[in-house]
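The values are calculated or read from the model by the stated rules, or taken from the named source; none is laboratory data. A quick note: this is a predicted structure, and the numbers were derived from the prediction, not measured. With ideal geometry, Cβ positions are generated from the backbone for all residues, glycine too; neighbour counts draw on all protein chains shown.
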């Protein structure tokens, strides 16, 4: 007698709706059955095929024999004083990824990871200091939303949607895992899945230009770009990917993306680093840079992020006075500017702090330790 192991069964979390339709057709089922199944998985959070009473018994038996609906194992759950919740999920081989739920009065935002670790190596990001292990599958990306949404509904005793916004700003560079990212985004947007608006799903990128162009064609959602510097010399240091896709190429791609984007602006993330990129001359360079694009329109929003220090970075947070001065200069120049409120820093869930448990197979920690000996000069 042979037995089927759980891991040999097809995990249905990996399928967007077209993929699930194709899978059901292989089982000899009609497309509408896939839609029913899709709703059970994502709208109701079901894991037991026997619960799916509007499916034919024969289909339920096929699914029980050949498929599974299985999320990620939770290693830890931490709740901040401000209500932020961080989960650490096991993705196998000693690797783990983190997702963070940020509750606000008018929204509930989930920050989702796309990779175990990150290969980009931004100097101010703790994930980058851990190095890169592997890409997540579409199922592992969507499993973070699938678990968080249904856990929170049960926790809050509501049948209403809890997560209204998703930001791909967790561990990893989403556009370096493009083939898994797009199906996961489509599940988030699908009315039979989570029904999120394109305006409320944001992909954050350090500037992978070719994939930004593809995203505009394949699945245009809101776009946030990790800028962090107003000139190439400084950005080369802070965001090494800039050496491949420098600012002129990056900003032109951002402007072009607006033809397809659900919003009429691109968000630029700018981590405020004491004495590195937070001086008035940096603000003026930033103003001059963004004014070269957008045909004179207000085409971008600057989101200033107070740096969340960690020991390996060798960097310090800008003072509140410096952040406010920087924001004022940008605002006076007509650039929409916000200062991000730090959330979840007491549980290391704030921006740039997600590190999880990843294996450093790239030697990132050693490389960055050497880089910390380089003195950063203010760029005039």
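When 46, 22, 34 are checked against the criterion of being under 22 Å from residue 194 (Cα atoms), surrounded by 17 or more Cβ atoms within 10 Å (Cβ to Cβ) and under 32 Å from the mean Cα position of the chain (by Cα), 34 stands alone in meeting it. Looking only at the range 38-89, residues that are under 16 Å from residue 142 (Cβ atoms) and in contact with a strand residue (DSSP E or B) (Cβ under 9 Å, 6 or more places away or on another chain) come to 11 in all. In the range 1-99, counting only helices (runs of 4 or more DSSP H) that sit wholly within it, none holds 1 or more residues that are assigned by TED's automatic domain parsing to the domain that holds residue 341, closer than 21 Å to residue 182 by Cα and free of Cβ contacts under 8 Å to residues at least 12 places away in the same chain. Checked against (1) in contact (Cβ under 8 Å) with a residue 60 or more places away in the chain; (2) closer than 20 Å to residue 169 by Cβ, residue 234 meets all criteria but (2).
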